[in-house]
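What follows is a set of notes on a single structure, which appears directly below.
The values are calculated or read from the model by the stated rules, or taken from the named source; none is laboratory data. Quantities reported herein were computed from a predicted structural model and do not represent experimental measurements. Note that we place each Cβ from the backbone using ideal geometry, even for glycine, and neighbour counts take in every protein chain shown. Ligands, DNA and RNA are stripped out before the accessible areas are found, and what is left, the full protein with its side chains, is counted by its heavy atoms. Shrake-Rupley method; radii C 1.70, N 1.55, O 1.52, S 1.80 Å.
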Amino acid sequence: MAYYLRFQRMQHGMSGHALARLLNCARSSISRLENCEAKLTDAQAATLDREWNTGGTFTIMLWYARLGHDPNWFKNFTDSEGRASVLKIYSGQLIPALLQTPAYARALLVEGREPGIDALVEARMARQKILTNDSPADLWVVLAETALPCLVGGKAVMREQLARLIELSHLPNVMLRIVPNTAGANPGLDGPFKVIKVKEGQVGYVEAPTGGRLVADASEVDGLIDRFDRIGAVALPVDSSRSLIKHLMETMT
């Protein structure tokens, strides 16, 4: 789709700035669209089909793109993550990458039989700088209690990881809440996801065993935000969540 967008723009003698005006976005967004770093929204696809009389080509391509696995999903995701002003994350089984210790991350990567583990751990730790830089992102995390007692890497690694969660929870831009096991059935049981707010708007990310899927459609993103709020409705307050983490850490002797 990225190639076809650029091809059609040039066929119509339109500059990047002109296309940005047509699609009501920044010029930088056009560059990202034409370099497979972003995806068209439904509204943008419809505008292109109408203005360029494509017979619905962009809308159809967008529909098919959502059905398949995007090989560039991780690069696109980390690009959005690095530019985020607000991140909302729900996880039910694992500590999110932005909150992981090096030892916890390494244990996961070793189990996943990933090549180049040292570089992968270093890259994952580098992503966490968005929480402590000069203009840090706001991070809202809702985490299921089931992720806390799982001894990833052993007791010592997990105690260090839980201590790290407590430490990060004191940052003014980090809001960490735990969904207790007593909450029972809740929307979080459907799986992990993220919503990231960047300058261009909001984008969602849904995880899967063999890869992820970026969600650019506004209605789908709104659905993820609603789901995040409904999970949060059964989560413990921040102070109680911190107390639960401390209690679990103390039991790991």
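Within segment 127-153, being free of Cβ contacts under 8 Å to residues at least 40 places away in the same chain and open to solvent by less than 40 Å² (accessible area, probe 1.4 Å) holds for one residue alone: GLN128. Out of segment 221-239, which residues are open to solvent by 30 Å² or more (accessible area, probe 1.4 Å), assigned to a helix (DSSP H, G or I) and without any contact (Cβ under 8 Å) to a residue 60 or more places away in the chain? Result: ASP222, GLY223, ASP226, ASP229, ARG230, ASP239. The number of residues in segment 154-167 that are open to solvent by less than 30 Å² (accessible area, probe 1.4 Å), of a type outside the set (A, V, I, L, M, F, W, C) and part of a helix (DSSP H, G or I) comes to 1. For segment 168-181, which residues satisfy the criterion of being under 22 Å from the mean Cα position of the chain (by Cα) and part of a helix (DSSP H, G or I)? LEU168, SER169 - these are the residues of segment 168-181 that are under 22 Å from the mean Cα position of the chain (by Cα) and part of a helix (DSSP H, G or I).
Against the numbered list (1) within 15 Å of the chain's Cα centre (by Cα); (2) on the phi > 0 side of the Ramachandran plot, GLY184 comes up short only at (1).
Of the listed requirements (1) touching a helix residue (DSSP H, G or I) at 6+ places or on another chain (Cβ under 8 Å); (2) open to solvent by less than 40 Å² (accessible area, probe 1.4 Å); (3) aliphatic (A, V, I, L, M), ALA218 misses just one: (2). Among all positions in segment 81-97, there is no residue which is open to solvent by less than 50 Å² (accessible area, probe 1.4 Å), over 14 Å from the mean Cα position of the chain (by Cα), under 13 Å from ASN173 (Cα atoms) and not small (Gly, Ala, Ser). Suppose we keep only residues that are touching a Ser or Thr at 6+ places or on another chain (Cβ under 8 Å) and modelled with pLDDT of 95 or more within segment 193-214. Which one would you say is surrounded by the most Cβ atoms within 10 Å (Cβ to Cβ)? Here the residue is ILE196. Contact list please: Cβ distance under 7 Å, first residue in segment 189-201 and farther than 22 Å from SER28 by Cβ, second residue polar (S, T, N, Q) and not in a loop (DSSP other than H, G, I, E, B), pairs at least six apart or on different chains. Note: pairs meeting the criteria are PRO192/SER91.
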